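This report refers to the structure that appears directly beneath it.
None of the figures in this text is laboratory data; all of them are computed from the coordinates on show. Predicted model only: the values in this text are computed from it and were never measured. We place every Cβ from the backbone using ideal geometry, glycine too, and count neighbours over all the protein chains shown.
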């Protein structure tokens, strides 16, 4: 198992533009899992060769004794859910940029029994080098303009704070984007940092795209029983464009499937 401190470095020089889809909170096995939404999105991603995915945790419902999830309403066993995740990883074997755990995997299987279901699925699918447990750093190179490759660096974690005065993205430096999830609330909330160049003695603004792409659950079940607010079906993808002289163009695009 590769530690989080080692970045995932990937190069796709054949593409002058790439699209990255953060996939998280599938909760496969939950009674409200939206298979139509997932199948439609999977088909969309696979329809173009420059589309890639980052798996940001909670791919399984993984209800176990004493968890908030209901063991008796989940539609498949944790073992069957892991088999589903394995099939997804195989389906996207050549499109996967990173995989991390969510609380439904780590707080349940790992903390309770020392097991890593997403890591096991990644090993079976042959993409275990893309797995990190707590967080991942993705260093992604693409394009080849005038023999110079564009690079974008992302920080990926399952759960993040997004308060008015502080966000998790405020605690990281050197990143172009951040993917998170967990709260099932899709949003694009870019944050900015001030940077000081000691050589030029100049102050510049560094923007970081922070993207939460929501969940794959319809309204009902645990959320409805506890009076939670229905969440939007909106999703997001990150589009990167290669530019000369190492300049990057980055765009967050919201859409529905």
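Couple of notes before you dig in:
- Theoretical FRET efficiency, 1/(1+(r/R0)^6), r = Cβ-Cβ of residue 66 and residue 224, R0 25 Å, to 0.05: 0.70
- Gain upon complete extension [residue 192, residue 163; 0.36 nm per residue less C-alpha separation]: 9.0 nm
- For the chain, modelled as a GNM whose springs connect Cα atoms under 10 angstrom apart, the maximal fluctuation among 180, 32, 157 occurs at 32.
- Spin-label zone in segment 22-52 - amide nitrogen under 11 Å from a point set 7 Å from the Cα of residue 80 along the C-beta vector: 29-30
- Centroid-to-centroid separation of segment 230-244 and segment 179-226 [C-alpha atoms, Å]: 11 Å
- In the chain, helical runs assigned H by DSSP with n ≥ 4 each contribute -39500 (n - 2.57); averaged across all residues and rounded to the nearest 500, the mean residue ellipticity at 222 nm is -4500 deg cm²/dmol.
- Burial ranking of peptide ranges 228-235, 123-130 (average Cβ count within 10 Å, highest at the top): 123-130, 228-235
- Each semi-axis of the equivalent ellipsoid for segment 156-257 is √(5λ) with λ an eigenvalue of the Cα gyration tensor; in descending order they amount to 33, 17, 9 Å.
- P(r), alpha carbons of the chain - 5 Å bins starting at zero, rounded %: 1, 6, 13, 17, 19, 17, 12, 7, 4, 2, 1, 0, 0
- Packing, as the average of other Cβ atoms within 10 Å across residues, places the peptides 100-109, 65-74, 37-46 in the order 100-109, 37-46, 65-74, highest first.
- Whole-angstrom gap from segment 9-46 to segment 55-94, using each part's C-alpha centre: 16 Å
- Residue order, fewest to most surrounding Cβ atoms within 10 angstrom, among 132, 191: 191, 132
- Site pair residue 202 and residue 129 shows an inter-label distance of 3.8 nm when each label is modelled 7 Å from Cα along Cα→Cβ.
- Fully extended contour minus Cα-Cα distance, from residue 50 to residue 17, at 0.36 nm per residue: 11.2 nm
- On Cα atoms only, tilt of 78-91 relative to the major axis of the chain in degrees: 30 degrees
- Prolate/oblate/rounded call for segment 52-188, Cα gyration tensor, a/c under 1.5 rounded: oblate
- Calculated FRET efficiency for the pair residue 9/residue 148, C-beta based, R₀ 25 Å, to 0.05: 0.90
- Relative contact order of the chain: 23 percent, from C-alpha pairs under 8 Å at least 6 residues apart in sequence.
- Of the peptides 88-95, 2-9, 24-31, 215-222, the ranking by mean beta-carbon count within 10 Å, highest at the top, reads 24-31, 215-222, 88-95, 2-9.
- Relative to the dominant Cα principal axis of the chain, helix 35-46 is inclined by about 30°.
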